[in-house]
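The values are calculated or read from the model by the stated rules, or taken from the named source; none is laboratory data. None of the values given here were measured: they were computed from a predicted structure. Here the Cβ is made from the backbone with ideal geometry for all residues, glycine too, and neighbour counts use every protein chain on show. Please note that ligands, DNA and RNA were not included when accessible areas were found on the heavy atoms of the full protein model with its side chains. Shrake-Rupley method; radii C 1.70, N 1.55, O 1.52, S 1.80 Å.
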Amino acid sequence: MNSKRIFSLSMIIFLLMSSTKVSALQLEGLKNKAGTTSKSFFYTFDLGLEKVQLFLTKDTVKKIELLTAISEERLAEAVILIEEGEESYGARSIEDFSVTLKQAQNLLGKYAVENKDNFEIQILPISEKISKFTEESFSVVNELKNSLSSDKQQEISGILENQVSKMSNLHDLIKHRFEIKNLKKELEQVEEKFTDMKNANNSQQYNKIKENYEDLKQKYIKEKQSFENMFQDIRNID
């Protein structure tokens, strides 16, 4: 099994088994990102405005960013509502948060499939941000669940578990694609030196560069095949 996949699996297992406490400072920082809460009369208007923003955002990368920001807002609202004892509204906000985050992840996955050979450079930090946010959110949701009644805990049970796994794999895929792109660039540079040295008829330097070129070429082929395998795994995720 690929070492990166092993690392990702270990990370997922750790997250699913961990009972790490979320600090009060983290929750306070998150609450600052809250919008209108779901118990407010204006919440419906807030959702309507978000739908308009999403409709008007045609650029896929920007839409992914917007969906992520909205999901972060929903989670922040859940924290506030549950602290206020409004567990029904809080549980609803957690569900809304999960749905919106999943939309961001699915759109990112669709982008990865449709642009397999031509990722835009700005997608890497976005993918990293969503991956980190998904992991942190898992801890936040688990912390919030402890403040809910058993009925409400049952309602939101299982939220994020599949999403943590999916996002970890998707982020690995995107990182791997950029690593291959850089490796290809390095291979092309060595190939150019290799050709120049061959024409210069310098056997000692030629053999040294040829060896370096062949090693890089094999590494590139291996990494590209690894990416193809990861890509197929991503395509098979619901």
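Assuming 0.36 nm per residue, please report the length gained on full extension of the stretch residue 41 to residue 128 beyond their Cα-Cα distance. Don't jump to the answer; show the numbers that get you there.
Numbers: separation 87, 0.36 × 87 = 31.32 nm, distance 3.52 nm.
Full-extension gain reported as 27.8 nm.
Relative contact order, whole percent, for the range 35-92 stands at 37, derived from Cα pairs under 8 Å and 6 or more residues apart. Highest mean packing first, where packing is the average number of other Cβ atoms within 10 Å per residue, the peptides 175-186, 64-75, 40-51 line up as 64-75, 175-186, 40-51.
For the range 46-122, with all protein chains present and a 1.4 Å probe, just round the carbon and sulfur fraction of the accessible area to a whole percent.
Details: 1900 of 3720 Å².
Within the range 46-122, the accessible surface is 51 percent carbon and sulfur.
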